[in-house]
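A.B. asks: Dropping a structure here in structure tokens format, bear with me for questions.
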Amino acid sequence: MKVKKLTLQTQKKILKESIESGVSLADILSSKGWTYDDLVYENNELSASPSAEYIALDRFEKKQNGIPVVSFFSGAGGLDLGFEAAGFSHLALVEKIELFCETLRLNRPDWNVFGPPSHSGDVSKTVEMAALLRPLIGNKFFDGVFVGGPPCQPFSIAANQRFSKSGENFKRTGFAHETNGNLLFNYIELIKIFRPRVFLIENVPGLLDIDGGEQLQRAYSDLEACGYTMNEPLVLLAAEHFVPQNRTRLFIIGNRVGKSFNRPDMSRSQLSCAGVFNLPYEGIQNHITRSHSAESILRYMKLDFGGRDQLGRVDRLNPLQPSKTVVAGGTKGGGRSHLHPFIPRTISVRECARIQTFSEDYIFTGPVARQFTQVGNAVPPVLGAQLASAIHASFY
């Protein structure tokens, strides 16, 4: 029976053998009865003992309240899982990417998902979308909630950091983006058609300053002219709301009953990510890790907590702090995960999903790169549940 971890001395011999022989590190580890999870960093000394606390979504579950929700740009369902936990009922979900629809349907077969292959799921086709939803919502003002996060790439600083500053893709194009830039206003048009009692718009904080704030002000003016009371743009740090991650998101909430929105309470302290890596691995899905080369492991194993591998542009997480933001990557996948705090490898889809507070039994479909995209694009369900509860308390 092997010891739990390799010694540094044995590990260095194995890495050297892989480099000199040209045999993959994965094959050499397997031949000797080891896995990537047996690898170690050179430095694992911490200045304090990390907290093992991890707060799961079921802590926020409430009884059904009978309030219907229509979700747009649903993605893999992070925000929707939060509303479900808070007691809301989904009337419809709209999503245009077929793979994301597959994930939604696999996990929640009773949800009414409008998207490929049976529907386009395209919010930009406003007339088609209104005709699709009218039989469900009816002709009266909708007494439920609309929620949606229009694709944020045109407004995202992080997305543009993937490009050279001299390249044509660097500048944030905002509302001029030919595919996604106007989806916010398509969503607003549907709000104006159906007049939900409450709506929520989720995006990156970069939405605030695109075009000098002019376009966002136009959105506010349009909605206020329809009788909506608008809250000030609310920027929330997930780490201050029981999510072990430094993830910042913008939320805009309006209501047509003339009330003020009372934001969710903040946690007393930020959760570190250590609790994520203390959770068991037996029987879980989406836990596929990359087969790194020996050269990569040699670089990774030298990093201190919080250190960055400049070549691979990945960071070793510090277990005394919240995780850095889980990254989605581009629309075609390819998100880079961070490095495990205790094992010199990148973290898996399931580990990212735990950081994002998805439930253990929630399964992501498709190729691994697209699983990372689904997880990284999502609103953390735990944060979604707190927003949903605050909406219920404020407006119902």
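A.B. asks: Residue 12 - would you say it is among the basic types (Lys, Arg) and more than 27 Å from residue 319 (Cβ to Cβ)? Quick ask: steps written out before the conclusion?
C.D. replies: Working: among the basic types (Lys, Arg): yes; more than 27 Å from residue 319 (Cβ to Cβ): no.
It is false that residue 12 is among the basic types (Lys, Arg) and more than 27 Å from residue 319 (Cβ to Cβ).
A.B. asks: Looking at the stretch 368-396, which of its residues are surrounded by 24 or more Cβ atoms within 10 Å (Cβ to Cβ) and aromatic (Phe, Trp, Tyr)?
C.D. replies: Residue satisfying the conditions is 372 alone.
A.B. asks: Name the pairs: first residue in the stretch 298-310 and free of Cβ contacts under 8 Å to residues at least 60 places away in the same chain, second residue of a type in the set (Lys, Arg) and in a strand (DSSP E or B), Cβ to Cβ under 8 Å, at least 6 apart or on different chains?
C.D. replies: These pairs meet every condition: 306/316; 307/316; 308/316; 309/316.
A.B. asks: Among the candidates 52, 76, 131, single out the residue that is within 19 Å of the chain's Cα centre (by Cα) and either in a loop (DSSP other than H, G, I, E, B) or over 21 Å from residue 359 (Cα atoms) (or both).
C.D. replies: After applying the criteria, what remains is 76.
A.B. asks: Keeping to the stretch 192-212, report how many residues are within 17 Å of residue 257 (Cα to Cα) and over 24 Å from the mean Cα position of the chain (by Cα).
C.D. replies: From the stretch 192-212, those within 17 Å of residue 257 (Cα to Cα) are 192-200; that's our starting set.
Cutting the leftovers down to over 24 Å from the mean Cα position of the chain (by Cα) gives us 192-197.
Qualifying residue count for the region: 6.
A.B. asks: Can you pull out the residues in the stretch 212-264 that are closer than 25 Å to residue 57 by Cβ and of a type in the set (Ser, Thr, Tyr)?
C.D. replies: 248
A.B. asks: Being touching a residue at least 12 places away in the same chain (Cβ under 8 Å), at negative phi and in contact with a helix residue (DSSP H, G or I) (Cβ under 7 Å, 6 or more places away or on another chain) is true for just one of 317, 339. Which residue is that?
C.D. replies: Only one candidate passes the filter, namely 339.
A.B. asks: Going by the structure shown, is residue 46 of a type in the set (A, V, I, L, M, F, W, C), in a loop (DSSP other than H, G, I, E, B) and without any contact (Cβ under 8 Å) to a residue 40 or more places away in the chain?
C.D. replies: Numbers: of a type in the set (A, V, I, L, M, F, W, C): yes; in a loop (DSSP other than H, G, I, E, B): yes; without any contact (Cβ under 8 Å) to a residue 40 or more places away in the chain: no.
No.
A.B. asks: Name, by its number, the condition in (1) more than 23 Å from residue 305 (Cβ to Cβ); (2) buried (at least 16 other Cβ atoms within 10 Å of the Cβ); (3) hydroxyl-bearing (Ser, Thr, Tyr) that does not hold for residue 31.
C.D. replies: Just one mismatch for residue 31, condition (2).
A.B. asks: If only one of 71, 89, 120, 124 is crowded, with 22+ Cβ neighbours inside 10 Å, among the polar types (S, T, N, Q) and at pLDDT 95 or above, which one is it?
C.D. replies: The unique qualifying residue is 71.
A.B. asks: Looking at residue 252 and the list (1) of a type outside the set (S, T, N, Q); (2) part of a helix (DSSP H, G or I); (3) over 30 Å from residue 317 (Cα atoms); (4) touching a residue at least 40 places away in the same chain (Cβ under 8 Å), which single condition is not satisfied?
C.D. replies: All conditions pass for residue 252, except number (2).
A.B. asks: Residues in the stretch 67-77: is at least one out of contact with any Gly (no Cβ under 6 Å at 6 or more places or on another chain), among the hydrophobic types (A, V, I, L, M, F, W, C) and within 30 Å of residue 272 (Cα to Cα)?
C.D. replies: The answer is yes; a qualifying residue exists.
A.B. asks: Now a separate question. Name the one entry in 325, 365 that is surrounded by fewer than 21 Cβ atoms within 10 Å (Cβ to Cβ) and touching a helix residue (DSSP H, G or I) at 6+ places or on another chain (Cβ under 6 Å).
C.D. replies: It is 365.
A.B. asks: Step by step: first the residues of the stretch 256-300, then only those that are among the aliphatic types (A, V, I, L, M) and farther than 25 Å from residue 369 by Cβ, then the one that is nearest to the chain's Cα centre (by Cα). Which residue is that?
C.D. replies: 271
A.B. asks: Could I ask something else about it? Conditions first: (1) surrounded by 17 or more Cβ atoms within 10 Å (Cβ to Cβ); (2) modelled with pLDDT of 95 or more. Residue 258 passes all but one, so which condition is the exception?
C.D. replies: In the conditions (1) surrounded by 17 or more Cβ atoms within 10 Å (Cβ to Cβ); (2) modelled with pLDDT of 95 or more, residue 258 misses (1) alone.
A.B. asks: Condition check: among the polar types (S, T, N, Q), touching a Lys or Arg at 6+ places or on another chain (Cβ under 7 Å) and in contact (Cβ under 8 Å) with a residue 60 or more places away in the chain. Does residue 262 satisfy that?
C.D. replies: Numbers: among the polar types (S, T, N, Q): yes; touching a Lys or Arg at 6+ places or on another chain (Cβ under 7 Å): no; in contact (Cβ under 8 Å) with a residue 60 or more places away in the chain: yes.
Here the answer is no, as residue 262 does not meet what is asked.
A.B. asks: How do the pairs read when you match residues in the stretch 130-141 that are closer than 16 Å to residue 111 by Cβ with residues anywhere that are modelled with pLDDT under 95, using Cβ under 8 Å and keeping only pairs 6 or more apart or on different chains?
C.D. replies: Here the result reads none, with nothing in the stretch 130-141 linked to a residue that is modelled with pLDDT under 95.
A.B. asks: Do any residues in the stretch 228-248 that are over 15 Å from residue 203 (Cα atoms) have Cβ atoms under 7 Å from those of residues that are of a type in the set (Asp, Glu), where the two are at least six apart or on different chains, and which pairs are they?
C.D. replies: 230/224
A.B. asks: Is it true that some residue in the stretch 277-293 is under 22 Å from residue 244 (Cβ atoms), polar (S, T, N, Q), out of contact with any Asp or Glu (no Cβ under 6 Å at 6 or more places or on another chain) and modelled with pLDDT of 95 or more?
C.D. replies: Within the stretch 277-293, one or more residues are under 22 Å from residue 244 (Cβ atoms), polar (S, T, N, Q), out of contact with any Asp or Glu (no Cβ under 6 Å at 6 or more places or on another chain) and modelled with pLDDT of 95 or more.
A.B. asks: Of the residues that sit in the stretch 165-191 and are at pLDDT 55 or above and aromatic (Phe, Trp, Tyr), which one is nearest to the chain's Cα centre (by Cα)?
C.D. replies: Among them, the one singled out is 187.
A.B. asks: Of everything in the stretch 1-28, what is assigned to a loop (DSSP other than H, G, I, E, B), surrounded by 11 or more Cβ atoms within 10 Å (Cβ to Cβ) and free of Cβ contacts under 8 Å to residues at least 24 places away in the same chain? Give them in sequence order.
C.D. replies: Selection gives 23 alone.
A.B. asks: Could you check, for the stretch 61-68, whether at least one of its residues is without any contact (Cβ under 8 Å) to a residue 24 or more places away in the chain and not aromatic (Phe, Trp, Tyr)?
C.D. replies: Yes, the stretch 61-68 has at least one match.
The values are calculated or read from the model by the stated rules, or taken from the named source; none is laboratory data. What you are looking at is a predicted structure, and each value in this text was computed from that prediction instead of being measured. Backbone-built Cβ (ideal geometry, glycine too); neighbour counts: all protein chains shown.
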